[in-house]
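The values are calculated or read from the model by the stated rules, or taken from the named source; none is laboratory data. Keep in mind the model is a prediction, meaning the values are calculated, not measured. A quick note on method: Cβ atoms are made from the backbone with ideal geometry, for glycine too, and the neighbour counts reach across all protein chains shown.
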Amino acid sequence: MTQVTEHFYDLPLYYDIAFDWDASDEVAILEHVFTEHADGEVLRVLEPACGTGRLLRALAAQGYAMTGYDLNQPMVDFAQRHTPGNVVVVQADMTSATFDEPFDAALCPINSLGHLITDENIAAHLRCTGESLRKGGVYVIQLSSVYEDLTEFEPEQWTTIRDGVTVDLTWEVVAEDVDTRLAHHRSKLVVDHGDDHYEYTEDHTMRVWTYDDIKRLVADCGCFELVAIYGEEHEPIDLDTEITGETGNLYYVLKRSPAGRG
Ligand SMILES: C[S@@+](CC[C@H](N)C(=O)[O-])C[C@H]1O[C@@H](n2cnc3c(N)ncnc32)[C@H](O)[C@@H]1O
């Protein structure tokens, strides 16, 4: 057995296999949001923290002109090699990435924004993403909020086999502290690749959100308005709902307000 010393995000092949689920459900809610909430047609789409590019591929296949960026160079290299030639992938940071030509929409699925821990970094991300979208464009962020009772949350575990490589991933929210707004997540990766067996456990410090945080940070950034929320079954959620982790991993629709570029 080999103990993998790299971080999970430095292992793009195994990440890509573990997250190689059918993306049609995610594409459906994103296309619904583009149609319902963006002004005008959505053609150019940005994905901050795009990882290995699984949604860049899925949305490019629907005809969108996709650009993605990620902080981790191994993720960027993998995504560049495994997306169609018209997809742009660059290395950039969520707190500062800007682009010359504005996009019609952006997306940040599966809690990736939780990697930005402080209000300052989240505000910086909202501002630079707002600057990268045209007026009337939308930014779709998928987030879960702090749990009322974390003990009810079961670790998520799944196994994926691709091209003879078996990847078993367990993702657990170990603790959440609403006072510090920090959560402790743990991922355990077990890989069988040819004759090699790898096991690796990594602890991640992530942001804990309250719904009030989300509303405040969006209102304060000056370039987005929260216009809709959708649940995991794509059901609309009233903006006045008391949202907690138990409400689900929700899609927040931010619309680029007139104050920004474009
Ligand atoms: C859970 S993965 C999500 C990848 C992809 N969006 C998906 O849905 O499969 C989170 C990604 O966030 C990236 N990341 C973390 N902090 C970042 C930052 N400050 N700027 C850009 N990317 C970041 C990681 O490298 C990782 O690829």
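Out of T170, T159, T180, T201, one residue alone is farther than 30 Å from F34 by Cα, within 19 Å of the chain's Cα centre (by Cα) and not assigned by TED's automatic domain parsing to the domain that holds E36. It is T170.
Out of A38, A49, A79, I need the residue that is over 19 Å from L254 (Cα atoms) and of a type in the set (A, V, I, L, M). Which one? It would help to see each step written out before you state the result.
Numbers: A38 fails: over 19 Å from L254 (Cα atoms); A49 fails: over 19 Å from L254 (Cα atoms).
Exactly one residue qualifies, and that residue is A79.
Screening region 125-166 for residues that are of a type in the set (A, V, I, L, M, F, W, C) and out of contact with any Leu (no Cβ under 8 Å at 6 or more places or on another chain) and picking the one that is farthest from V42 (Cα to Cα) gives L150.
If a residue must be within 12 Å of the ligand (Cβ to nearest atom), touching a Leu at 6+ places or on another chain (Cβ under 8 Å) and touching a residue at least 40 places away in the same chain (Cβ under 8 Å), how many such residues does region 93-114 contain?
Going residue by residue through region 93-114, those that are within 12 Å of the ligand (Cβ to nearest atom) are 93-97, 106-114.
After this cut, where a residue has to be touching a Leu at 6+ places or on another chain (Cβ under 8 Å) as well, the list is 93-95, 106-107, 109, 111, 113-114.
Keeping just the survivors that are touching a residue at least 40 places away in the same chain (Cβ under 8 Å) gives 94, 106-107, 109, 111, 113-114.
Of the residues in that region, 7 qualify.
Residues that are closer than 18 Å to C50 by Cβ and within 16 Å of the ligand (Cβ to nearest atom) were ranked within region 123-136; the one that is surrounded by the most Cβ atoms within 10 Å (Cβ to Cβ) is T129.
Here's the yes/no breakdown for (1) within 10 Å of the ligand (Cβ to nearest atom); (2) part of a helix (DSSP H, G or I); (3) not assigned by TED's automatic domain parsing to the domain that holds V167:
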position: Y14; (1), (2), (3): no, yes, yes
position: W21; (1), (2), (3): yes, no, yes
position: L30; (1), (2), (3): no, yes, yes
position: E47; (1), (2), (3): yes, no, yes
position: L55; (1), (2), (3): yes, yes, yes
